[in-house]
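Participant: Here you go, one structure.
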Amino acid sequence: GGLRVPEQRYRIRFLPEGVSVEVDANTSLLNAARNVGIDIMSVCGGEGTCGKCLVRVLAGRVRQSDRVAILNPALRAEGYTLACQTFPLENLTVEVPVESRLDSTDVVIRHTEVEVPEYEVGLETYQHSPLACRMQLTLRPPTLTENASDLTRLLAGLRRVTNDARTSHVTNTKGCIFGGTERPIGIALSALRELPNALRDGDWKVTVTLVNCCDRWEVTRVTSGHDAQPAYGAAIDVGTTTITVYLVNMHTGETVQRLATYNEQFVYGEDVITRIVYATRNEDGLEHLRRAALRTINQLLDHAINAMKISRDDIACAVVAGNTVMTHLLLGIEPKYIRLEPYIPAAVTYPPIKAREVGIGIHQEGHVFTFPCVASYVGGDIVAGALVSGMGLRSEVGLFVDIGTNGEMVLGNKDYLVTCACSAGPAFEGSGITCGMRSVRGAIESVEVNSSDLQILVKTIGN
Ligand code: FES
């Protein structure tokens, strides 16, 4: 509570950078710092309970909430305060000590530094039946007597691919794994726009990308000539702490790239609850979180695209799995009610969407499929894990355990599956600890005692 003077603006200068920002009287020092790219630790998401966002006001008067009382009086006497609970009353000079900073290497580390496990167990349970494929077609050109439209020609060619290539418009179907020809075939408007010139520029040779969505194939891209590049798909694991991207060759099923890095949402709070709080209490908070996850995903996709020397248009579709809150945040859906009794998510199944609707950096007409969740705290990541493990097909009772920031387990077999979840985060994030730290730069990684001279060698992360 206290004084609210929204029309008045103040200049805040942050040290040691010396950068300044102008904010109104209701902008916390934490948000002001974020506005100029200074990331301050906010484990509790700005609730004033974790005490990690310590800054020192060197000049200027401030308004503080009662929550700064959690600080040691000696620190307060030196000008230290909680950035999330402090607001300007005049122009300020504020020092951000190194202990309060989120080391950028804590937040985004190079993909090569993160070990990405290979999950092969259980995949043999499923037949290779990809969501997307790419085909090279050679169509017969129209004549005055055979004057079907370009689209009719293309669709007829596609339908006959697996029936009888010799008697159809199609004379070449290299690289095709186009299953389920009984399914209807449609075309995206953007692909239809590409079609007339692609056919003629390529002398009736075209490369067609199709995505299988809702029991129907959709042509999402048509390019002239024969392009030997297969269609790729991206599998995206949106974790609270880490985001992992797998790039898969849709024709062979082979995973060709595995990349991971920390979820940039980290700067807005370390667990799902603090992120919901951030999304709820801050203007555009949900959009900030959505964009942070998106930046991380697209950064990883760019790495994969560069490594494979392909274009983002070669990635025909993506599948996303995350816990229920992460899924809401990525899709920009209000997450507030997940946190409030009786803990109701907006949805547990999500419609297929186009990449352009969410900004995921694959072919913009490509489909993005989101794994269904079970409940507010049992998300699509656990559904994906249980599915891939094949435990729901077996007679033996199995246990699937996902120890993440949000921890879940599934127990059961082909007759039943029961699941539960809890916050395992504090064990990994150190949010409730007074001594020690998370396993980030500076944390002790190993201790060795030399048996001859009893010298102790301590190695820290980041050396
Ligand atoms: S006390 Fe300020 S972010 Fe936790």
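Participant: Among the residues of region 420-463, write down those that are at pLDDT 80 or above and not hydrophobic (A, V, I, L, M, F, W, C).
Facilitator: Those that are at pLDDT 80 or above and not hydrophobic (A, V, I, L, M, F, W, C): E445, S446, E448, N450, S451, S452, D453, Q455, K459, T460.
Participant: Looking at region 45-70, which of its residues are more than 11 Å from T86 (Cα to Cα) and hydroxyl-bearing (S, T, Y)?
Facilitator: T49
Participant: Give the residues of region 344-395 that are part of a strand (DSSP E or B) and touching a strand residue (DSSP E or B) at 6+ places or on another chain (Cβ under 6 Å), sorted by residue number.
Facilitator: Once the filter is applied, which keeps residues that are part of a strand (DSSP E or B) and touching a strand residue (DSSP E or B) at 6+ places or on another chain (Cβ under 6 Å), region 344-395 yields I353, H367, V368, F369, T370, V378.
Participant: Could you tell me which numbered condition A83 fails, if it satisfies all but one of (1) modelled with pLDDT of 95 or more; (2) within 14 Å of the ligand (Cβ to nearest atom); (3) more than 22 Å from D284 (Cβ to Cβ)?
Facilitator: Only one criterion in (1) modelled with pLDDT of 95 or more; (2) within 14 Å of the ligand (Cβ to nearest atom); (3) more than 22 Å from D284 (Cβ to Cβ) is unmet by A83, namely (3).
Table: residues versus (1) at pLDDT 90 or above; (2) in a strand (DSSP E or B).
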position: R221; (1), (2): yes, yes
position: H226; (1), (2): yes, no
position: Q229; (1), (2): yes, no
position: G233; (1), (2): yes, yes
position: D237; (1), (2): yes, yes
position: T240; (1), (2): no, no
position: I243; (1), (2): yes, yes
position: Y246; (1), (2): yes, yes
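Participant: Something else now. Pairs under 6 Å by beta carbon, first residue in contact (Cβ under 8 Å) with a residue 24 or more places away in the chain in region 30-54, partner assigned to a helix (DSSP H, G or I) and open to solvent by 30 Å² or more (accessible area, probe 1.4 Å), six or more apart or different chains?
Facilitator: G48/R67; G51/I70
Participant: Considering only region 57-76, I want to know if a residue exists there that is of a type outside the set (A, V, I, L, M), part of a loop (DSSP other than H, G, I, E, B) and near the ligand (Cβ under 9 Å from one of its atoms). Write out each step before concluding.
Facilitator: To start, the set of residues in region 57-76 that are of a type outside the set (A, V, I, L, M) comprises 60-61, 63-67, 72-73, 76.
Retained after the next criterion (residues that are part of a loop (DSSP other than H, G, I, E, B)): 60-61, 65, 72.
Those left that are additionally near the ligand (Cβ under 9 Å from one of its atoms): none.
The answer is no; no qualifying residue exists.
Participant: Looking only at region 86-98, filter to residues that are surrounded by fewer than 19 Cβ atoms within 10 Å (Cβ to Cβ) and β-branched (V, I, T); which one of those is farthest from the ligand (Cβ to nearest atom)?
Facilitator: T93
Participant: Would you be able to say whether some residue in region 214-230 is touching a residue at least 40 places away in the same chain (Cβ under 8 Å), under 15 Å from the mean Cα position of the chain (by Cα) and open to solvent by 40 Å² or more (accessible area, probe 1.4 Å)?
Facilitator: No, there is no match, as no residue in region 214-230 is touching a residue at least 40 places away in the same chain (Cβ under 8 Å), under 15 Å from the mean Cα position of the chain (by Cα) and open to solvent by 40 Å² or more (accessible area, probe 1.4 Å).
Participant: Any residue at all in region 283-305 that's acidic (D, E), over 30 Å from I338 (Cα atoms) and surrounded by fewer than 20 Cβ atoms within 10 Å (Cβ to Cβ)?
Facilitator: Yes, the conditions are met somewhere in region 283-305.
Participant: Being farther than 19 Å from D237 by Cα, open to solvent by 50 Å² or more (accessible area, probe 1.4 Å) and among the polar types (S, T, N, Q) is the requirement here; does T349 meet it?
Facilitator: Against the criterion (farther than 19 Å from D237 by Cα, open to solvent by 50 Å² or more (accessible area, probe 1.4 Å) and among the polar types (S, T, N, Q)), T349 does not qualify.
Participant: To continue, here is another question. In the list L151, L123, L102, which residue meets the criterion of being at pLDDT below 90 and more than 16 Å from the ligand (Cβ to nearest atom)?
Facilitator: Checking each option against the conditions leaves just L123.
Participant: For residues that are more than 27 Å from the chain's Cα centre (by Cα) and within 8 Å of the ligand (Cβ to nearest atom), scanning just region 20-53, find the one that is most open to solvent (accessible area, probe 1.4 Å).
Facilitator: Looking at residues that are more than 27 Å from the chain's Cα centre (by Cα) and within 8 Å of the ligand (Cβ to nearest atom), I get T49.
The values are calculated or read from the model by the stated rules, or taken from the named source; none is laboratory data. What you see is a predicted model; the values in this text were computed from it and never measured. Backbone-built Cβ (ideal geometry, glycine too); neighbour counts: all protein chains shown. All accessible areas refer to the heavy atoms of the entire protein, side chains included, with ligands and DNA or RNA removed. Shrake-Rupley method; radii C 1.70, N 1.55, O 1.52, S 1.80 Å.
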